[in-house]
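Here is the structure we will look at, set down as structure tokens.
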Amino acid sequence: MSALPATTAPFPVRVFGGPTALFEYGGLRFLTDPTFDGPGDFQAPAVVLTKTAPSAGSPAELGPIDVVLLSHDEHADNLDTSGRALLADVPLTLTTPGGGQRLGEKATGLADWQSIELDRPDGGTVTVTGVPAIHGPGPREEVEPICGEVVGFVLTGEGLPTVYVSGDNASLDAVKEIAERFAPVDTAILFAGAPRFAEVFDGKVVVLDSAMAAEAARILGARRVVPVHYDSWAHFTEGRDQLEAAFTAAGLADRLDWGGRS
């Protein structure tokens with residue numbers, strides 16, 4: 001097999017646990033859903049979220065961040081106290097339209113299919129497009145009053161790979177819509193973990209389970225999948241073993257990249 005061109009070769013992604021990952025793309029440094037608080041209980045609107053393990057790193061280790069890609073700001077397993085503090089030092093946070101209003105002047109909300117162009121240090125631009133995400137089973141109008149508004153992101157640029165960051169999405173129909181516009185995807189950072197709550201949606205998953213993540217990878221034609229949002233919280237019901245089994249069953253085990261976690 002011939003080597004990929006340097007511009008589309010897989011770039012390093014560092015995963016810190018939960019939904020938090022760091023990567024450089026087009027000369028800009030991106031961080032997803034910052035969560036660096038220690039273990040403990042965190043109150044969400046309808047449930048208590050319990051963090052069970054510390055992050056694999058701290059904000060002090062990150063270095064400068066250019067952009068935070070924040071799927072939503074309303075749950076501590078996506079943005080916690082230390083994550084909020086970190087946003088103050090980041091020039092731009094991209095998030096939901098509601099989050100853009102709540103988080104202040106450094107935050108910009110993206111509606112579905114709305115794009116923003118970011119200047120690259122060496123010239124050219126990176127385009128970040130907000131894409132659909134539904135944080136629970138069923139149609140958006142039934143889910144959002146309970147779990148809130150969520151956004152995913154697609155990153156593109158001339159000579160750059162296509163990157164999809166799913167956010168807290170449980171809808172394969174949304175993935176199909178994204179694939180129609182952007183497939184094949186070079187790197188998909190997929191939030192998984194099959195989180196469930198007995199109090200919400202009769203215990204149905206509110207983010208992709210492992211089999212759904214593998215199906216999302218197939219739909220997207222993803223050349224590489226970096227799973228996040230599958231460990232360090234008590235409400236995540238499937239972890240690395242289940243993800244590996246699902247991707248193996250789908251014939252996609254070679255696509256998995258654990259983000260520096262051996």
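The values are calculated or read from the model by the stated rules, or taken from the named source; none is laboratory data. Remember, it's a predicted structure, so these values are computed and weren't measured experimentally. Counting neighbours? That spans all protein chains shown, and the Cβs are built from the backbone with ideal geometry, glycine included.
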Practice problem: Tell me which residues, restricted to region 72-83, are in contact with a helix residue (DSSP H, G or I) (Cβ under 9 Å, 6 or more places away or on another chain) and in a loop (DSSP other than H, G, I, E, B). | Solution: 72, 73, 74, 75, 76, 79
Quiz prompt | Within region 24-51, considering residues that are crowded, with 19+ Cβ neighbours inside 10 Å and of a type in the set (Val, Ile, Thr), the one farthest from residue 158 (Cα to Cα) | solution = 35
Self-check item: Among the residues listed as 92, 69, 118, 86, the single one being touching a helix residue (DSSP H, G or I) at 6+ places or on another chain (Cβ under 9 Å) and either of a type in the set (Phe, Trp, Tyr) or surrounded by 15 or more Cβ atoms within 10 Å (Cβ to Cβ) (or both)
Solution: 86
Exercise. Please verify whether region 148-162 includes one or more residues that are touching a Phe, Trp or Tyr at 6+ places or on another chain (Cβ under 9 Å), within 17 Å of residue 75 (Cβ to Cβ) and not in a loop (DSSP other than H, G, I, E, B).
Key: yes
Quiz item: Which of the residues spanning region 187-199 are in contact (Cβ under 8 Å) with a residue 12 or more places away in the chain and surrounded by fewer than 23 Cβ atoms within 10 Å (Cβ to Cβ)?
Solution: 196, 197, 199
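I'm trying to understand the selection: among the residues of region 210-230, which are outside any helix (DSSP H, G or I) and out of contact with any Leu (no Cβ under 9 Å at 6 or more places or on another chain)?
221
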Quiz item: Quick one: what pairs do we get from region 200-228, first residue within 20 Å of residue 239 (Cβ to Cβ) and without any contact (Cβ under 8 Å) to a residue 24 or more places away in the chain, second among the charged types (D, E, K, R) and assigned to a loop (DSSP other than H, G, I, E, B), C-beta under 8 Å, 6+ apart or different chains?
Solution: 203/196
Quiz item: Among the residues of region 182-201, is there at least one that is part of a helix (DSSP H, G or I), among the small types (Gly, Ala, Ser) and at pLDDT 95 or above?
Solution: no
